[in-house]
Amino acid sequence: MVSTLSTISPHFPFAGKVEEICPVGEGLINDTYLVRTGKGCPNYILQRKNRHIFTNVPAMMDNIHKVTNHLKKKIAASGGDPLRETLTIIPARDGRLYHRDEEGEFWTACLFIEDTVSHDTARSPELAHQGGKGIGRFQRLLADMPETLEETLPGFHDMRYRFRQWDEMLAEDPAGRKNRVKEEIEWIECRREEMLAFKSKVETGEIPTRITHNDTKISNILFDRSGEILCVIDLDTVLSSTCLNDYGDAIRSYANTGLEDDQELDRVALNMEIFEAYTRGYLSEALSFLSTAERENLAFAARYITFEQVLRFLMDYIGGDTYYKIKYPEHNLTRTRAQYKLLRSMEEQYEEMRRITAHVICDQKLR
Ligand code: ADP
Ligand code: GN1
Ligand code: MG
């Protein structure tokens, strides 16, 4: 891989001499590297995009370009630092937003933002509050973006689409694993109607679509050294979708007392203190533009996205592990069970989640 990387980096106009290229992050889809250059020169992030999942990388990069350009203008206008508070794409030497290698792989680069901290779990309510603020602000700044985005991942958080994929996968059972997961399949089937009913609210327009991030797990945000939110990263999934999907996915990530793939199910539950802190941070930025329907469906959105993740991990297990990177043979099944435990915890605490969101909304309206 290292020799490949050294043939890729010359295609980008990196300042200084490339001294080291090392893997970074725990993403389940792309391959991400930190490119270190000489003293006094910027460092960079180099990424091989997963072209089997992102089937139109040029359109995806155009989307990211539109979004970051818009954010840069807004950040500069409010006195912020556009080079630190959003991503800066480094186009390839030929001027494209990506380099395509001889094997057909797509590579992209952006500036590495120095002196930041990223996390895989939210250890404190303060961090969750900041994370919520970050996504709320991100959505707010994009609310008046004039351009439209290309639909690069059709059906991404669309449960009707996910159930079509699911039904096809079960009918085909390509890896012969269906019979091993009868109980898990029932977890999905018995929630089909309520999840589709929620999706109907988007289809009828009761819940609006906006430009959103769509992959708001905690590792996709950079904090500064004092713990304040600095920059929302990993913009591959910026799409027209619902704000609720961003909020729900973040709760799934931040408020889990265990890991996304925890093998000890006793460790997995919804932490209500983190839930409330994230909600407060998010609504401090987002309340002003959210509709009544969006406000009323915040708590359910966490269940919706966590359910979606159970379905997606289980579907990948049944499909023979072709989508998410796995570290051991049953990894997707472990993920399925851990996310299901989290979903159960949300279901058990649902009334309390609703009470908290209503209370936070009320508090912030009074301000
Ligand atoms: P993946 O698609 O593999 O999840 P990300 O874009 O989320 O890739 O990057 C993985 C990790 O690399 C992040 O969690 C963060 O720690 C670090 N990272 C990514 N982009 C930057 C950047 N521009 N500046 C600083 N760190 C970054
Ligand atoms: C993937 O790329 P990464 O690791 O940030 C996935 C998300 C899932 C997440 C689960 C494009 O995100 O939808 O929520 O794994 N991204 C894509 O950890 O499918
Ligand atoms: Mg990521």
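The values are calculated or read from the model by the stated rules, or taken from the named source; none is laboratory data. Since we're looking at a predicted model, the values are computed, not measured. Positions of Cβ are generated from backbone atoms using ideal geometry, with glycine treated the same way; all protein chains shown enter the neighbour counts. For accessibility, only protein heavy atoms count, side chains too; no ligands or nucleic acids. Shrake-Rupley method; radii C 1.70, N 1.55, O 1.52, S 1.80 Å.
Structural remarks
- Each residue in the range 323-342 was checked for being in contact (Cβ under 8 Å) with a residue 60 or more places away in the chain and within 14 Å of ligand 2 (Cβ to nearest atom), and 10 of them qualify.
- Here the range 13-33 is the region considered, the condition is being touching a residue at least 60 places away in the same chain (Cβ under 8 Å) and within 18 Å of residue 83 (Cα to Cα), and the residue that is farthest from ligand 1 (Cβ to nearest atom) is 13.
- Within the set 120, 101, the sole residue that is of a type outside the set (Lys, Arg), touching a residue at least 60 places away in the same chain (Cβ under 8 Å), in contact with a Ser or Thr (Cβ under 9 Å, 6 or more places away or on another chain) and closer than 17 Å to residue 56 by Cα turns out to be 101.
One line per residue, one yes/no per condition, for (1) under 21 Å from the mean Cα position of the chain (by Cα); (2) more than 27 Å from residue 212 (Cα to Cα); (3) modelled with pLDDT under 95; (4) not small (Gly, Ala, Ser):
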site: 8; (1), (2), (3), (4): no, yes, no, yes
site: 26; (1), (2), (3), (4): yes, no, yes, yes
site: 38; (1), (2), (3), (4): no, yes, yes, no
site: 43; (1), (2), (3), (4): no, yes, no, yes
site: 56; (1), (2), (3), (4): yes, no, no, yes
site: 61; (1), (2), (3), (4): yes, no, no, yes
site: 69; (1), (2), (3), (4): yes, no, no, yes
site: 91; (1), (2), (3), (4): no, no, no, yes
site: 101; (1), (2), (3), (4): no, yes, no, yes
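- Per-region count, the range 22-66, residues assigned to a strand (DSSP E or B), surrounded by fewer than 19 Cβ atoms within 10 Å (Cβ to Cβ), of a type in the set (A, V, I, L, M, F, W, C) and more than 16 Å from ligand 3 (Cβ to nearest atom): 1
- Helices (runs of 4 or more DSSP H) enclosed by the range 213-331 - at least 2 residues per element that are modelled with pLDDT of 95 or more and crowded, with 23+ Cβ neighbours inside 10 Å: 243-254, 272-286, 298-318
- Residues of the range 230-262 that are more than 16 Å from ligand 3 (Cβ to nearest atom) and among the β-branched types (Val, Ile, Thr): 242, 251, 257.
- Checking each residue in the range 161-181 for being within 18 Å of residue 308 (Cα to Cα) and among the basic types (Lys, Arg) picks out 162, 164.
- Subset tally (residues that are touching a residue at least 40 places away in the same chain (Cβ under 8 Å) and either in contact with an Asp or Glu (Cβ under 9 Å, 6 or more places away or on another chain) or within 16 Å of ligand 2 (Cβ to nearest atom) (or both)) for the range 34-45: 5
- Some residue of the range 8-17 being away from ligand 3 (no atom under 16 Å from the Cβ), open to solvent by 60 Å² or more (accessible area, probe 1.4 Å), assigned to a helix (DSSP H, G or I) and not small (Gly, Ala, Ser): yes
- The range 85-109, subset assigned to a strand (DSSP E or B) and buried (at least 20 other Cβ atoms within 10 Å of the Cβ), residue farthest from ligand 1 (Cβ to nearest atom): 99
- Within the range 214-256, tally of residues that are among the hydrophobic types (A, V, I, L, M, F, W, C), out of contact with any helix residue (DSSP H, G or I) (no Cβ under 7 Å at 6 or more places or on another chain) and away from ligand 2 (no atom under 13 Å from the Cβ): 3
- Among residues of the range 209-255, those that are touching a residue at least 40 places away in the same chain (Cβ under 8 Å) and more than 16 Å from ligand 1 (Cβ to nearest atom), counted: 13
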